[in-house]
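Chemist: Take a look at the following structure, please.
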Amino acid sequence: MAKRVAIIGTGQTHHKSHRPDVNGQELINEAVKRALQDADLTMKDIDAVVIGNMDHFEGINYVDCWSVDGSGAVMKPIIKLTTGGTTGCTIAIGGYHIVASGLFDRVLVIGWEKNSESDTTGAITTAFDPVWDRLVFAGAISGLAAEAQAYMARYGATDRDGARVSVRDRKHATNNPYAQLRKEVTLEEVLASPMLADPIHLLDVCPRTDGACAIIMASEDLAVKSANKPDWIWATANRHPYSYLGDADYGRLTSMSESSKELYKKVGIREPRKEIDVIELYQPYSFAGLIWIEDMGIVGHGEGPEYVWGGNTDMGGELPINPSGGVISCNPIGATGLIRCAEAAMQVMGKAEGRQVPDVKHAISTGFGGCWWTDMILHGSEKPEY
Amino acid sequence: MKNTFEGIEPMVYESKISVPYSWWSGDTAGEFLRSLRDDKKLLGRRCGDCARVYIPPRKACPLCFAEMEWAEVSDTGTLLTYTVVLRRLASLPKDPPVIYGLIRLDGADTAILHMIGDIDPAKVKIGMKVRARFSQARKGSITDIEYFAPLSQ
Amino acid sequence: MDRAAIIGVGMTRIEGNKKTDTYADMAWEAVNRALEDAGMEMDDIDNVVTTSNDFWDGRTISCMAVGDASGAANKNVSCVEGDGTFGAFYGLTRSLSGSYDTTLVTAHSKGSESVSSLITNAAFDPIYERGLGLDMVSASAMQARAFMHRTGTTQEQLAMVSVKNHGNAMRNPMAQLAFKITVEDVLNSEMIADPLHKLDCSPVSDGCCAVIIANEKKAGKYARKPVWIKGVSFCSDSYHLGDRDLSRSKSLTAAAEKAYAMAGLSNPRKEIGLVELYDAFTYQELMWLEEMGLCGEGEAGKLLAKGAFDADGKFPVNPSGGLLSGHPVIAAGLIRIAEVVKRLRGDENGSGAKIGLAQGTNGLCGQSHCVWILGKDK
């Protein structure tokens with residue numbers, strides 16, 4: 001009944017803080033063309049398009065309709081999915097289901113954002129949820145700071161531990177030609193950077209970015225025929241509960257632990273630390289790189305810092321995290337989750353070039369947003385066993 | 001179900017979204033707007049593959065994804081359809097009646113949206129020829145064309 | 001496609017201003033009605049798709065407001081932004097993908113809380129068009145004129161759509177505007193944007209709809225006889241109105257033809273016995289019917305005048321009263337699906353139809369359409 005689905009091509013823009021040379025449709029078109037080129041296909045081969053962004057960041061209503069000049073969806077089916085920061089991962093999960101349903105064979109998935117076009121403070125006012133506001137915007141990060149503080153109080157972590165994650169991701173970003181910020185930093189530089197919301201320093205958080213990402217998903221028959229080694233989608237899971245500021249279990253990301261458990265159960269993963277080869281984590285600030293890998297079951301509660309300090313999540317370590325440089329190097333929000341998915345796919349396909357982790361059998365990509373929401377995808381180099 | 005609000009005026013939270021945007025026009029629309037402002041010329045783009053001339057101009061052909069080149073189109077064209085707005089809709093930039101039309105400029109394969117002026121609303125007809133009337137003070141926006149007026153006038 | 005069915009539907013009353021209900025309240029009501037209709041508990045639902053729009057809701061991440069009320073707190077959930085027919089399409093794929101069996105789809109909107117003219121103005125391209133001040137009504141008026149010019153459809157024929165649909169609404173307890181009017185009433189109502197009078201336009205409305213979609217494995221396991229999904233297709237035309245022939249809807253024709261083919265309909269005019277379509281404006285009922293090939297070009301108005309689309313006839317169109325009788329955007333298309341389901345099941349008068357069509361649309365002047373063919377029998 002259900003069909004196996006694989007990613008057969010990816011494309012992204014060279015992400016930048018401002019892209020004054022192109023409008024939104026043109027930015028989208030760059031990513032679409034690269035994905036088509038990567039998959040060795042033309043738009044004629046695409047059966048349907050899934051697109052996502054954050055409406056109030058660009059101020060354009062019915063983006064699915066408006067974007068067709070760039071997405072190539074003229075006289076094709078196009079559908080828009082939007083779930084906040086998780087959008088990029090949500091649309092990849094959407095592409096998966098739409099292909100797995102058997103209704104379409106090749107689907108183009110596009111995430112994009114031109115954060116430079118709106119005023120952050122203004123955009124914040126469009127979401128009344130204060131938790132969400134603080135999660136997504138670098139300018140108002142007290143929700144994340146509360147999480148970090150709670151975690152530090154519970155487990156005795158320090159801001160040096162957070163800084164270590166930032167040093168890792170910013171170093172990784174130097175291997176990624178598409179990343180926006182590609183400059184190595186030292187621990188001292190992170191700790192000396194301006195304090196935004198204690199314990200979060202400027203160099204602990206993500207920037208604002210203009211960028212787009214596109215992936216092409218195909219059903220089993222076409223994926224096997226594809227010129228590329230396909231990246232098979234093994235399972236997806238997500239949780240989007242509604243939380244007021246006081247509802248969250250600060251210091252733990254419940255949506256991540258629940259999604260992870262479901263993901264592992266679906267495919268029989270018992271020891272994720274050993275069975276997963278690389279993770280592209282939607283990590284909007286450095287401390288999440290400690291906390292959320294615990295919620296993901298990679299290490300036990302409170303063990304994140306030690307694991308990270310041991311170099312295990314660095315390139316060449318036991319389980320490299322964010323070889324792309326992650327979200328703190330680049331954050332075009334509507335695309336961010338899809339970039340995680342595309343980067344994980346590139347790892348599985350062996351196309352990650354300077355940031356390639358050797359011999360990737362399983363990768364995980366995640367999305368984060370809303371009010372403490374998580375979306376997750378498990379990728380694999382072999383066909384899934386269902 | 002019990003009506004909790006019986007006899008009570010429900011509370012309403014009055015607010016508005018006020019988000020300033022600055023959309024980058026990009027190189028393509030930027031050139032169109034510059035030409036409109038400085039030269040009072042309307043620039044379309046011709047697809048290298050299908051040869052269709054698009055206005056408003058696109059960077060790449062939406063149908064072929066092919067590169068395009070600039071192609072000047074006329075400031076005169078044909079009215080394909082129109083409406084006379086009589087109610088003061090919130091989006092209207094001025095008091096009604098406002099006539100909107102879809103105009104296919106000579107030399108273009110697609111039509112542009114704009115206003116129709118200098119005419120009794122009752123006399124507007126599909127198929128009539130119109131010419132762009134440029135604003136005196138142009139600042140690089142689509143309203144640098146004030147409206148399209150009947151060609152005969 | 002693999003078989004799937006709609007096994008429960010529920011909706012709120014459509015009202016001009018639901019002062020006492022939040023988005024979550026509306027979703028809660030519609031979801032519970034759908035569960036009750038299906039004879040299901042929330043635990044029988046294994047995943048959720050909500051449908052909303054950040055502009056209409058005046059809120060970024062608008063899905064956040066209804067997720068929990070839709071029972072999604074501990075389930076896999078997603079959100080489609082656009083018309084409910086598109087939300088339902090994604091819900092269908094999730095029930096067919098092997099990941100889930102039963103998908104709850106909701107769609108909501110409260111037009112009363114915002115200014116539709118400004119919200120639909122935001123659908124115009126910000127660089128080339130928005131400053132001109134067009135909105136959905138003025139753009140649709142241009143399309144109405146283009147359609148009338150091409151087909152010879154008259155103002156009176158448009159008015160007859162309004163007369164029929166508001167009249168049909170008198171038998172629909174969920175409708176907002178149910179009344180008996182005459183063609184003269186429509187023609188004498190305020191001219192908003194020529195050729196569209198006030199009574200040619202759908203009202204601003206609040207409402208929510210919920211639909212439960214199950215794959216074949218689960219479809220027969222609950223209270224109601226399933227209504228089977230025979231074909232679904234959607235398609236988008238060009239964005240700029242000037243890139244299209246505004247008097248036509250190529251994307252609707254393409255979507256309808258594919259949906260008919262999926263459903264194995266060789267003569268849709270004969271085989272389809274019931275249509276619920278997106279009549280945001282009177283002309284759209286006639287234009288969409290023609291563009292879906294359900295009558296000849298320029299014939300819809302004449303057939304309407306002869307009573308061919310009456311609720312008690314052989315080919316009822318919008319027997320529920322359609323959107324002219326209540327138009328909560330986003331929910332609108334999902335309501336069309338629910339109305340077809342209710343009529344195929346015989347809960348409401350469906351003139352004995354075995355096959356029904358529901359249609360929804362996204363964007364300006366019907367840029368993107370979604371067409372559903374539903375059947376009483378497997």
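The values are calculated or read from the model by the stated rules, or taken from the named source; none is laboratory data. Bear in mind that the values here come from a model prediction, so they are computed numbers and not experimental data. Every residue, glycine as well, gets a Cβ built from its backbone with ideal geometry; the counts of neighbours run over all protein chains shown.
Chemist: Which of (1) out of contact with any Gly (no Cβ under 6 Å at 6 or more places or on another chain); (2) crowded, with 23+ Cβ neighbours inside 10 Å; (3) within 26 Å of A:Q347 (Cβ to Cβ); (4) within 14 Å of chain C (Cβ to nearest Cβ) does A:R4 not meet, given it meets every other one?
Modeler: (2)
Chemist: Same structure again: Within the range B:78-85, can one find any residue that is surrounded by fewer than 19 Cβ atoms within 10 Å (Cβ to Cβ), of a type in the set (A, V, I, L, M) and more than 17 Å from B:F32 (Cα to Cα)? Give the derivation first.
Modeler: Filtering the range B:78-85 down to residues surrounded by fewer than 19 Cβ atoms within 10 Å (Cβ to Cβ) leaves B:78.
When the remaining residues are screened for being of a type in the set (A, V, I, L, M), the result is none.
No: zero hits.
Chemist: It is to be established whether one or more residues within the range C:9-26 are assigned to a loop (DSSP other than H, G, I, E, B), closer than 21 Å to C:G333 by Cβ, among the small types (G, A, S) and at pLDDT 95 or above.
Modeler: yes
Chemist: Oh, and also: Go through the residues of the range A:270-286 one by one and say whether even a single one is within 14 Å of chain C (Cβ to nearest Cβ), within 20 Å of A:G369 (Cβ to Cβ) and crowded, with 22+ Cβ neighbours inside 10 Å. Steps first, answer last, please.
Modeler: Within the range A:270-286, the subset within 14 Å of chain C (Cβ to nearest Cβ) is none.
No, the range A:270-286 contains no residue that is within 14 Å of chain C (Cβ to nearest Cβ), within 20 Å of A:G369 (Cβ to Cβ) and crowded, with 22+ Cβ neighbours inside 10 Å.
Chemist: Just one of the numbered conditions (1) touching a Pro at 6+ places or on another chain (Cβ under 6 Å); (2) over 11 Å from A:L108 (Cα atoms) is not true of A:A48; which one?
Modeler: Here A:A48 meets the rest and fails (2).
Chemist: Here's another thing I want to ask about it. List the number of the failed condition for C:V163; all other conditions in (1) closer than 13 Å to C:L286 by Cα; (2) without any contact (Cβ under 8 Å) to a residue 60 or more places away in the chain hold.
Modeler: (1)
Chemist: Only one of these is surrounded by fewer than 22 Cβ atoms within 10 Å (Cβ to Cβ), more than 17 Å from the chain's Cα centre (by Cα) and among the β-branched types (V, I, T): C:T60, C:T22. Name it.
Modeler: Values: C:T60 fails: surrounded by fewer than 22 Cβ atoms within 10 Å (Cβ to Cβ).
Unique residue meeting the criteria: C:T22.
Chemist: For the range A:25-124, list the strands (runs of 3 or more DSSP E) that sit wholly inside it and hold at least 3 residues that are closer than 16 Å to A:L338 by Cα and within 13 Å of chain C (Cβ to nearest Cβ); which are they?
Modeler: Hits in the range A:25-124: A:48-52, A:106-114.
Chemist: Going by the conditions given, is C:L104 assigned to a strand (DSSP E or B), away from chain A (no Cβ under 13 Å) and buried (at least 24 other Cβ atoms within 10 Å of the Cβ)?
Modeler: yes
Chemist: Among the residues of the range C:133-147, is there at least one that is within 19 Å of C:A308 (Cβ to Cβ), assigned to a helix (DSSP H, G or I) and within 14 Å of chain B (Cβ to nearest Cβ)?
Modeler: Looking through the range C:133-147, at least one residue is within 19 Å of C:A308 (Cβ to Cβ), assigned to a helix (DSSP H, G or I) and within 14 Å of chain B (Cβ to nearest Cβ).
Chemist: Filter the range A:314-354 for residues that are basic (K, R) and touching a Phe, Trp or Tyr at 6+ places or on another chain (Cβ under 9 Å) and give the result. Reasoning before the result, please.
Modeler: If we filter the range A:314-354 for residues that are basic (K, R), which is where we start, we get A:340, A:351.
Passing the criteria: only A:R340.
Chemist: How many residues are in contact with a strand residue (DSSP E or B) (Cβ under 8 Å, 6 or more places away or on another chain) and surrounded by fewer than 17 Cβ atoms within 10 Å (Cβ to Cβ) if we restrict to the range C:258-270?
Modeler: The qualifying residues number 2.
Chemist: Shifting gears a bit: Can you tell me which residues in the range B:46-100 are facing chain C (nearest Cβ under 8 Å) and part of a strand (DSSP E or B)?
Modeler: B:Y54, B:L80, B:T81, B:Y82, B:T83, B:V84, B:V85, B:V98, B:Y100 - these are the residues of the range B:46-100 that are facing chain C (nearest Cβ under 8 Å) and part of a strand (DSSP E or B).
Chemist: Now, a different point. Could you tell me how many of the residues in the range B:25-66 are closer than 30 Å to A:L41 by Cα and aromatic (F, W, Y)? Can you show your working first?
Modeler: First, pick out the residues of the range B:25-66 that are closer than 30 Å to A:L41 by Cα: B:25-29, B:44-66.
Cutting the leftovers down to aromatic (F, W, Y) gives us B:54, B:65.
Selection size over the range B:25-66: 2.
Chemist: Does A:G300 satisfy the condition of being under 30 Å from A:A146 (Cα atoms) and without any contact (Cβ under 8 Å) to a residue 60 or more places away in the chain?
Modeler: Yes; evaluated as a whole, the condition is true for this residue.
Chemist: Looking only at the range C:107-116, decide whether some residue is closer than 23 Å to B:P56 by Cβ, free of Cβ contacts under 8 Å to residues at least 24 places away in the same chain and surrounded by fewer than 21 Cβ atoms within 10 Å (Cβ to Cβ).
Modeler: No.
One line per residue, one yes/no per condition, for (1) modelled with pLDDT of 95 or more; (2) farther than 28 Å from B:V19 by Cα:
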{"site": "C:M64", "(1), (2)": "no, no"}
{"site": "C:A69", "(1), (2)": "no, yes"}
{"site": "C:N74", "(1), (2)": "no, yes"}
{"site": "C:V80", "(1), (2)": "yes, no"}
{"site": "C:T85", "(1), (2)": "yes, yes"}
{"site": "C:S95", "(1), (2)": "yes, yes"}
{"site": "C:D101", "(1), (2)": "yes, yes"}
{"site": "C:K110", "(1), (2)": "no, no"}
{"site": "C:V115", "(1), (2)": "no, no"}
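Chemist: Where in the range C:175-263 are there strands (runs of 3 or more DSSP E), lying fully within it, with 2 or more residues that are touching a residue at least 12 places away in the same chain (Cβ under 8 Å), in contact with a Leu (Cβ under 8 Å, 6 or more places away or on another chain) and within 14 Å of chain B (Cβ to nearest Cβ)?
Modeler: On the way: elements: C:191-194, C:206-215, C:227-236.
Result: C:191-194.
Chemist: Select, from C:A308, C:A332, C:A300, the only residue that is under 19 Å from C:G111 (Cβ atoms) and either at pLDDT 95 or above or within 15 Å of the chain's Cα centre (by Cα) (or both).
Modeler: C:A332
Chemist: May I pose another question? Just name the residue that is surrounded by the most Cβ atoms within 10 Å (Cβ to Cβ) out of those in the range B:104-143 that are β-branched (V, I, T) and more than 8 Å from chain C (Cβ to nearest Cβ).
Modeler: That would be B:V130.
Chemist: For the range C:329-350, how many residues meet the condition of being among the aliphatic types (A, V, I, L, M) and in contact with a helix residue (DSSP H, G or I) (Cβ under 8 Å, 6 or more places away or on another chain)? Give the derivation first.
Modeler: In the first step, residues of the range C:329-350 are kept if they are among the aliphatic types (A, V, I, L, M); the result is C:329-332, C:334-335, C:337-338, C:340-341, C:344.
This time we only want the ones that are in contact with a helix residue (DSSP H, G or I) (Cβ under 8 Å, 6 or more places away or on another chain), so: C:329-332, C:334-335, C:337.
Residues meeting the conditions: 7.
Chemist: Continuing with this model, one more query. Failed condition for C:A305, given (1) of a type in the set (A, V, I, L, M); (2) surrounded by 19 or more Cβ atoms within 10 Å (Cβ to Cβ); (3) under 22 Å from C:C201 (Cβ atoms), with all others met?
Modeler: Among (1) of a type in the set (A, V, I, L, M); (2) surrounded by 19 or more Cβ atoms within 10 Å (Cβ to Cβ); (3) under 22 Å from C:C201 (Cβ atoms), the lone unmet condition for C:A305 is (2).
Chemist: Identify all residues within the range C:298-315 that are hydrophobic (A, V, I, L, M, F, W, C) and in contact (Cβ under 8 Å) with a residue 24 or more places away in the chain; write none if there are none.
Modeler: Our first condition is that a residue be hydrophobic (A, V, I, L, M, F, W, C); within the range C:298-315, this holds for C:300, C:303-305, C:308-309, C:311, C:315.
Residues satisfying the conditions are C:A300, C:L304, C:A305, C:F309, C:A311, C:F315.
Chemist: How do the pairs read when you match residues in the range C:30-58 that are at the interface with chain A (Cβ under 9 Å from one of its Cβ atoms) and at positive phi with residues anywhere that are surrounded by fewer than 19 Cβ atoms within 10 Å (Cβ to Cβ) and basic (K, R), using Cβ under 9 Å and keeping only pairs 6 or more apart or on different chains?
Modeler: C:G58/B:K16
Chemist: Among the residues of the range A:206-224, what is the count of those that are hydrophobic (A, V, I, L, M, F, W, C) and farther than 15 Å from A:H97 by Cα?
Modeler: Number of matching residues: 7.
Chemist: Step by step: first the residues of the range C:68-88, then only those that are more than 7 Å from chain A (Cβ to nearest Cβ) and out of contact with any Asp or Glu (no Cβ under 8 Å at 6 or more places or on another chain), then the one that is surrounded by the most Cβ atoms within 10 Å (Cβ to Cβ). Which residue is that?
Modeler: C:G84
Chemist: A further question follows. Might you let me know whether the range A:158-179 holds any residue that is buried (at least 18 other Cβ atoms within 10 Å of the Cβ), out of contact with any Lys or Arg (no Cβ under 8 Å at 6 or more places or on another chain) and more than 19 Å from A:S324 (Cα to Cα)?
Modeler: Yes.
Chemist: Please verify whether B:D95 is in contact with a Pro (Cβ under 7 Å, 6 or more places away or on another chain) and among the acidic types (D, E), treating the condition exactly as stated. Steps first, please.
Modeler: Working: in contact with a Pro (Cβ under 7 Å, 6 or more places away or on another chain): no; among the acidic types (D, E): yes.
When the stated conditions are applied, B:D95 does not pass them.
Chemist: Output the residue which, of all residues in the range A:135-147 that are in a helix (DSSP H, G or I) and within 11 Å of A:L196 (Cβ to Cβ), is modelled with the lowest pLDDT.
Modeler: The selected residue is A:S142.
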